[in-house]
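These notes concern the structure reproduced below.
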Ligand code: ASP
């Protein structure tokens, strides 16, 4: 045995025991005849002490120790002298006085200090094997493991089977771009890496494997804006003979279990459910952040008939004028430049302009457009928000969707910029009653808001022919602190309805057969009613640990450009490999 204890396990209970430890040299303090080393492993840090009085030869050897060398020591556990104890770590009351030292491996000067908090991320990712030695990375990966273990146990207790589905498969329809893998055996053809196991899990339901789950890797070749990864992990599950409430209830149990065991926080069940229309009109988002207020209000009726051309034009073209009321922190002055910057920023959300009222008094405002409105109208706006002097009312006049989404984004920006978010809150709830389709202006056709296998509400079936935009879906998204952590639906289990949905999505009979023939066939062979959901594991862990980025909870993540700085993937390959695949090599 190379060790008898780990670096995180020894306490006063072990006093006077002779122990052997192995690990990395974290820090070294040389006090002449005493050398103190913090020895680190995955479990923690133990202070070890080399004394020239005890053993001059061992002490001499310890003079050569440098950061990140790997050593093995044997010694006796002692109580640290009063005043030198470290209450912050479990091993802080003891140290180990070393009798024997073995240097197991050396290390050049590391590119950064392992304990250092502010290391450039590129450097961290290039030397990920060193970066992963940092305490908060160990915590991330340990918590991630614990969470998956709790989930597995919960699902196991609820009679789920963990079943793997293929990574080499056909293109799947989550709507993103596929990663392709050329086939050597059938040249000119390609596998696609799955964007999710969606179709396989549905086929497992047809096959009778009621209650499936998998911690599934999903691959999506998207532009990696913000916090995305080309491969992410889902807690993917599917159940048969269930309705929405069954799936949502089961997932509430699972999330509550993890939350209680990992964060010590008991969640109230059932989770709140918010209809999609309410989420959009009150928060301008289908994943509202409820950790702060600043709700949207529709001010269109207040401004009807006022003498302001821009608003009137929007009202006439069935647009909406919506507003939010922001209370700046005491002492913050909003200058013209602040307003101009926000107006410019909002253009990203399609808003052409941003109107604002600075509330001065009961019926009094300061605003470049104040002159267009009488005191009564101004009073009604102020009353809508119960605004107080100092508050700023921001308004966007645009089509119904843009006015909501733009203000929804502004609401989040202001709350974040001015630190108005209750950071300790845990606002988890469902968004339900989504539309089944959304109209794509760009493609001039309907698209599935979730995916094409989502079942429409029974009472809306007749609308499929007359007014598809009005059809609601049996879909549900789970939102935590303004982030969508998962989503799913009851699926279509009847072939004819599935074909109909495909045709509304402009997928003609040939394409249906070509891409989804196997699914349609399976649905015709006795498919049970079924439904499920997937939770984004990386995001969930990130939110639980309040980490900045999902890269901080993934052992070997990719950069925003989809590269791995450590292995330098993706990379060029040998011409020979390409030839075997029947792929022509070109330098140009
Ligand atoms: N396959 C879906 C997704 O990846 C989740 C589901 O509907 O179960 O978003």
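Okay, here's what the table says:
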read-out: Yes/no for residue 579 being without any contact (Cβ under 8 Å) to a residue 12 or more places away in the chain, surrounded by fewer than 12 Cβ atoms within 10 Å (Cβ to Cβ) and in a helix (DSSP H, G or I); value: yes
read-out: Residue satisfying condition, being surrounded by fewer than 16 Cβ atoms within 10 Å (Cβ to Cβ), within 16 Å of the ligand (Cβ to nearest atom) and either under 23 Å from residue 155 (Cα atoms) or free of Cβ contacts under 8 Å to residues at least 60 places away in the same chain (or both), within set 210, 243; value: 243
read-out: Those residues of segment 43-69 which are under 39 Å from the mean Cα position of the chain (by Cα) and either more than 15 Å from residue 101 (Cα to Cα) or crowded, with 16+ Cβ neighbours inside 10 Å (or both), in sequence order; value: 43, 44, 45, 46, 47, 67, 68, 69
read-out: Filter result for residue 465 (more than 16 Å from the ligand (Cβ to nearest atom), at pLDDT below 95, assigned to a loop (DSSP other than H, G, I, E, B) and closer than 30 Å to residue 522 by Cβ); value: no
read-out: Residue, nearest to the ligand (Cβ to nearest atom), within segment 473-500, restricted to residues that are free of Cβ contacts under 8 Å to residues at least 60 places away in the same chain and over 20 Å from residue 236 (Cα atoms); value: 498
read-out: Matching residues in segment 1-28 - criterion: being under 19 Å from residue 79 (Cα atoms) and either in contact with a helix residue (DSSP H, G or I) (Cβ under 6 Å, 6 or more places away or on another chain) or assigned to a strand (DSSP E or B) (or both); value: 18, 19, 20, 21
read-out: Test: residue in segment 416-423 that is under 23 Å from the mean Cα position of the chain (by Cα), at pLDDT 95 or above and assigned to a helix (DSSP H, G or I); value: yes
read-out: Scan of segment 184-205 for residues that are in contact (Cβ under 8 Å) with a residue 40 or more places away in the chain and away from the ligand (no atom under 16 Å from the Cβ), ordered by number; value: 184, 187, 188
read-out: Filter result for residue 548 (without any contact (Cβ under 8 Å) to a residue 24 or more places away in the chain and closer than 30 Å to residue 146 by Cα); value: yes
read-out: Residue 118, sole failed condition from (1) farther than 28 Å from residue 513 by Cα; (2) assigned to a helix (DSSP H, G or I); value: (2)
read-out: Top-ranked residue in segment 165-183 [being part of a loop (DSSP other than H, G, I, E, B) and away from the ligand (no atom under 16 Å from the Cβ); ranked as farthest from residue 234 (Cα to Cα)]; value: 183
read-out: Filter result for residue 91 (surrounded by 15 or more Cβ atoms within 10 Å (Cβ to Cβ), closer than 17 Å to residue 4 by Cβ and over 36 Å from the mean Cα position of the chain (by Cα)); value: no
read-out: Complete set of residues in segment 70-88 that are closer than 11 Å to residue 11 by Cβ and surrounded by fewer than 16 Cβ atoms within 10 Å (Cβ to Cβ); value: 79
read-out: Residue 448 being within 16 Å of the ligand (Cβ to nearest atom), touching a strand residue (DSSP E or B) at 6+ places or on another chain (Cβ under 9 Å) and free of Cβ contacts under 8 Å to residues at least 60 places away in the same chain; value: no
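The values are calculated or read from the model by the stated rules, or taken from the named source; none is laboratory data. If you're wondering where the values come from, they're calculated on a predicted model, not measured in any experiment. Backbone-built Cβ (ideal geometry, glycine too); neighbour counts: all protein chains shown.
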